[in-house]
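For reference, the structure is listed below as structure tokens.
The values are calculated or read from the model by the stated rules, or taken from the named source; none is laboratory data. Keep in mind it's a predicted model, so treat the numbers as computed, not measured. Don't worry about glycine lacking a Cβ; one is built from the backbone with ideal geometry, like all the others, and counts go over all protein chains shown.
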Amino acid sequence: MKPTPKYASRPASDDPRDVEAWALAEAARRLIDASRQPDDSESLQAALQLNQRLWTIFQAAISEDDCQLPHDLRTNIAALSLMVDRETMARLADLDGGKLDRLIEINRSVASGLSQRVEGAPAEAQTPAAQAPAAAAQQAIPPRPAAPQPQRPAAQDGAQPQPLRISI
């Protein structure tokens, strides 16, 4: 088991959105630090692996059956995370710290969205337990009236429900 890394800061609160925003900002900070040290491939690799683990956690959260995010938003988050995976793998292959801008910008943008609060929305509506990171990106858009949730067809013959499918 790897030792727990030391962090320069801590999340402002225990609110899941704040923790996710902090984690994304911390990953972006580490990517920036690594990009400033072109001869230190170890720190670049460590920063990229941290970012990959973080996005893998987000992928797992949105694929859970009890995820409370709308299906369309989950699909968008999954597509974004797949793009982050591809970009991270490319950077791990070439270890070029000069090509981290895309990953840094994604992390910063999603962290910024998570840090924003919707006016007039009760606090508990903004922090559901299963909230995934890119949900905040949608918070900048005024909320639409609640639409009825589409019902999935009942599984026949004990078959499992269809998994989330992403195509880019």
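Could you figure out which of (1) over 22 Å from Ile62 (Cβ atoms); (2) among the charged types (D, E, K, R); (3) modelled with pLDDT under 90 isn't true of Asp15?
It fails just one condition, (1).
Looking at (1) aliphatic (A, V, I, L, M); (2) under 13 Å from Arg17 (Cβ atoms); (3) modelled with pLDDT of 95 or more, find the lone condition where Ile104 falls short.
Only one criterion is unmet by Ile104, namely (2).
Return the pairs, sorted by first residue and then second, in which the second residue is acidic (Asp, Glu) and at pLDDT 95 or above, the first residue lies in the range 31-60 and is more than 21 Å from Val19 (Cβ to Cβ) and in a helix (DSSP H, G or I), the beta carbons are less than 6 Å apart, and the residues are 6+ apart or on different chains.
none
Scan the range 99-114 for residues that are surrounded by fewer than 15 Cβ atoms within 10 Å (Cβ to Cβ) and in contact with a helix residue (DSSP H, G or I) (Cβ under 7 Å, 6 or more places away or on another chain) and jot them down.
Of everything in the range 99-114, those that are surrounded by fewer than 15 Cβ atoms within 10 Å (Cβ to Cβ) and in contact with a helix residue (DSSP H, G or I) (Cβ under 7 Å, 6 or more places away or on another chain) turn out to be Lys99, Arg102.
Just a yes or no: is a residue in the range 75-87 more than 17 Å from the chain's Cα centre (by Cα), assigned to a helix (DSSP H, G or I) and crowded, with 21+ Cβ neighbours inside 10 Å?
No, the range 75-87 has no match at all.
Being among the charged types (D, E, K, R), assigned to a helix (DSSP H, G or I) and at pLDDT 95 or above: is that true of Asp72 here?
Answer is no for this residue.
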